[in-house]
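Have a look at the structure below before the remarks.
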Amino acid sequence: MIIKKDFIEDDKCDFCSQKITTKIAYIIELESGQIKQCGPICLKKHFNEISYILDFTRASMEFVYKIFNTSNNKNNSINNINDTKEIEYLYLRCELLNDFKGVEFTPLMDIYKKNKYLLNDNDKNYIKNLMNKLKSSNLSYKNLMACYMTKRILNMWIKNENNEFAKSIYEYLKKNCSLTEKQIIGANNWIENMKNIPIINGNWFYGIDKRNNGT
C-alpha cells in the first residue's frame, strides 16, 4: 500500500541502491506491516495502477519544478490534488501539525479517528466547506502545507547541526503557523550551504507578501 509522498531525513531507497537526493520519497506499507521508502523510478517499477497518492510535499515541489522546468513530469499524473486535498488537510490538522498552536479541531479529529484513509461524501463536503471558509487565513490548506514543509526542513537542519536559529524559528512557526519573509530568507541562506536539504518555498505561506519583514 502506498501511504503518501513525503519528506525523508535520509537518502535511502529501500528498493534499490540509488540515493534519493531530493529528500522526498514515496512511503510504502508492505503486507508484513513494514514501512519502506522509495524513489519515483522504483515506484513505477514495483507498483501498478496508482490512482492517487497523498502528497505532503506540494509546497516544496512546486518550487522545485519551477526551478528545473519539470512541471510536466509524468509523475504528476498520479498526484491528482482534487482527489486528495481534503484527506491531506485532515492529516495536516489531526496528525502532522498536532504540535502547532490552534491547528487541532475536534470535529476534524472525530472524522480522522473514524476513517482517515477514505472519506464519505458528508465528511468530504464538511472538510471542503471548512477549507473554503478558512482559505484566507493561516489555517488554509496552502498555508498548512507550507508549515509542514518548513517543519520537516527545519527538523532536517536541526538534526544535521544543533543550530539555535533553526530552533528559534521552528518555535516561532509552531506558535504562529507562519514565518516572516526575513526568517525565510535567513533560513535559506543557511540551508543553501548544506548538503541535500530542500530550501523553504515561502510562496505558499498566507499573506507573505503583505507582512512586515521584521522578526
Per-pair calculated FRET efficiency, R0 = 35 Å: Glu164 and Phe47 via Cβ, rounded to 0.05: 0.25
Unmatched cysteines, the chain - criterion: no other Cβ of a Cys under 4.7 angstrom: Cys13, Cys16, Cys94, Cys147, Cys177
Placed amide H near Gln37: partners under 5 Å, 5+ positions off or other chain: Asp14, Ile28
Local electrostatic count at Lys142 - Lys and Arg +1, Asp and Glu -1, tallied over other residues with Cβ under 9 Å: +2
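Applying 1/(1 + (r/R0)^6) with R0 = 22 Å to the Cβ-Cβ distance of Met194 and Asp99, what FRET efficiency is obtained, to the nearest 0.05? Intermediate results must be reported in sequence, preceding the final value.
Details: r = 23 Å, r/R0 = 1.07.
It comes out at approximately 0.40.
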Candidate lysines - alpha carbon under 17 Å from Lys124, same-chain residues fewer than 8 apart omitted: Lys85, Lys113, Lys114, Lys116, Lys133, Lys135
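Near Asn196, within a Cβ-to-Cβ distance under 14 Å, what is the net charge of the other residues, with Lys and Arg +1 and Asp and Glu -1?
Details: positive: Lys12, Lys19, Lys23, Arg152, Lys159, Lys195; negative: Glu9, Asp10, Asp11, Glu161, Glu192.
The answer is +1.
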Formal net charge of residues neighbouring Gly102 (Cβ-Cβ distance under 12 Å; K, R +1; D, E -1): +2
Descending Cα extents along the principal axes, the chain, whole Å: 49, 44, 32
Hits among lysines - C-alpha to C-alpha of Lys167 under 22 Å, sequence gap 8 or more where chains match: Lys23, Lys101, Lys151, Lys159, Lys175, Lys182, Lys195
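What FRET efficiency, computed as 1/(1 + (r/R0)^6) with R0 = 22 Å and r the Cβ-Cβ distance, is obtained for Lys175 and Lys142, rounded to the nearest 0.05?
Values: r = 19 Å, r/R0 = 0.89.
Step by step, r from the Cβ atoms, then E = 0.70.
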DSSP-defined beta bridges in the chain - what % are antiparallel, rounded to 5: 90 percent
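Bear in mind these aren't lab numbers, they're just calculated from the coordinates by the rules spelled out. If you're wondering where the values come from, they're calculated on a predicted model, not measured in any experiment. With ideal geometry, Cβ positions are generated from the backbone for all residues, glycine too; neighbour counts draw on all protein chains shown.
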